[in-house]
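Down below is the structure, laid out as structure tokens.
The values are calculated or read from the model by the stated rules, or taken from the named source; none is laboratory data. Computed from a predicted model, the values in this text were never measured in an experiment. Backbone-built Cβ (ideal geometry, glycine too); neighbour counts: all protein chains shown.
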């Protein structure tokens, strides 16, 4: 299972699911109509560290990301895994009552949705990473529900047990109290699939395919609690892989132009469709806050690499450049501080097995210099040898708090202000591993428990870096 991902279009939900003797292919499709073109400048090469999320034996694939959390399918153990970038910890969603493999996950905030094979049905399940609880969504005998997507309090999935059995789009309100059954967004005799939902949960896009070779993209926008369905694009060409961030909709298609398979995008509210003109083949767009992640195969290379395009600033970024390795199935999440986080799968295993990777970078348009807002009185002297808790927030130039668990604040040195003499940098106990400040959600800021052992009377600076800010910052304190 999942080997088909290497020959089919590299869609995040392109997998074969065995149901008894029936193998169900979740079809990847979409549609559009070009009206204007944009040629981005040469790509900016991104050199941010690439993190190995999982490269164990067997296939790890279909990754998705939302802020600090990534989720993916581990084919080797048949389970959905979730990974936190802030801790580097990879965990497994327990099998529970599953009789077959879990697959086709998505992630939003601290929740992971996925399809679980039960004894009599394929159900959509929700996993809460904060409570480690699993909830099946409105289960029934013989349900055949796949391809979930999450955004805000909106859960979307494809139900193959309704209508003509070709797949219909349903939504479920996770915040409804008491719960109500999933509601149909689109009931059609056509094949429908590959839904995606915006981060705020108010826009859905999916593929509607009158034929296997010609799919259109539809959207549903929620207003006043009701969904309004309308076409995004409807041409004679086969457009595929739609995604939305609530402001933009992106998809890929080949309309016979000089650059072949391209990424297209247009506003959710309607307006001009834009063709992103890049040589070679571009597929599988993912969207977050106006940034489009995608895979691009640029001749003479024959294998796809991961790229990101900034719509607002017409900046193109290249994240990978690995000859002979297919880097694919990307997903993107723009963090609170403007950094861009991307995950993907690569067939770089010894037998071309798929492994999951991620990276986080600061785009040129979001590079900032933080101001430091102290949450303590630096004039209050602590006794030498005691712990001095340095509590701060990262602020912008207007004093607004920019602190986030996704921004790493790292202590680098201590100096005595009167002589600029370097002092030993140490924390108390193991309060700040690797000399990283601890993010404290109750402060909405950071804490470093500095050891003042060996410090003489005087004033000092604790020097540190913050995220991708190139400037070194300092926080003063006094010892008596």
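Of note:
- Residue check, residue 455 over 28 Å from the mean Cα position of the chain (by Cα), at pLDDT 90 or above and in the same structural domain as residue 383 (by TED's automatic domain parsing): yes
- Selection status of residue 408, modelled with pLDDT of 90 or more and within 20 Å of residue 337 (Cβ to Cβ): yes
- Scope the stretch 45-55; condition in a loop (DSSP other than H, G, I, E, B) and surrounded by 14 or more Cβ atoms within 10 Å (Cβ to Cβ); matching residues: 46, 48, 55
- Unique match (being in a loop (DSSP other than H, G, I, E, B) and touching a residue at least 24 places away in the same chain (Cβ under 8 Å)) among 313, 284: 313
- The residues listed here are 256, 338, 324, 270; of these, the one that is on the phi > 0 side of the Ramachandran plot, at pLDDT below 95 and surrounded by 16 or more Cβ atoms within 10 Å (Cβ to Cβ) is 338.
- Checking 103, 129, 120 one by one, the residue that is out of contact with any helix residue (DSSP H, G or I) (no Cβ under 8 Å at 6 or more places or on another chain), crowded, with 22+ Cβ neighbours inside 10 Å and touching a residue at least 12 places away in the same chain (Cβ under 8 Å) is 103 and no other.
- When each of 322, 360, 302 is tested for being assigned to a strand (DSSP E or B) and not assigned by TED's automatic domain parsing to the domain that holds residue 409, the lone residue that passes is 360.
- No other residue among 96, 58 is free of Cβ contacts under 8 Å to residues at least 40 places away in the same chain and part of a loop (DSSP other than H, G, I, E, B) apart from 96.
- Residues in the stretch 113-123 that are assigned to a strand (DSSP E or B) and either closer than 15 Å to residue 64 by Cβ or over 23 Å from the mean Cα position of the chain (by Cα) (or both): 113, 114, 115, 117, 122, 123.
- Residue in the stretch 135-158 that is within 25 Å of the chain's Cα centre (by Cα), free of Cβ contacts under 8 Å to residues at least 12 places away in the same chain and in the same structural domain as residue 53 (by TED's automatic domain parsing) present: yes
- Residue within the stretch 327-337 that is assigned to a strand (DSSP E or B), under 18 Å from residue 283 (Cα atoms) and touching a helix residue (DSSP H, G or I) at 6+ places or on another chain (Cβ under 8 Å) present: yes
- Condition met for residue 380 (in contact with a strand residue (DSSP E or B) (Cβ under 8 Å, 6 or more places away or on another chain), modelled with pLDDT under 95 and within 30 Å of residue 429 (Cβ to Cβ)): yes
- Checked across the stretch 232-243, the condition of being surrounded by fewer than 21 Cβ atoms within 10 Å (Cβ to Cβ), touching a strand residue (DSSP E or B) at 6+ places or on another chain (Cβ under 9 Å) and part of a strand (DSSP E or B) holds for no residue.
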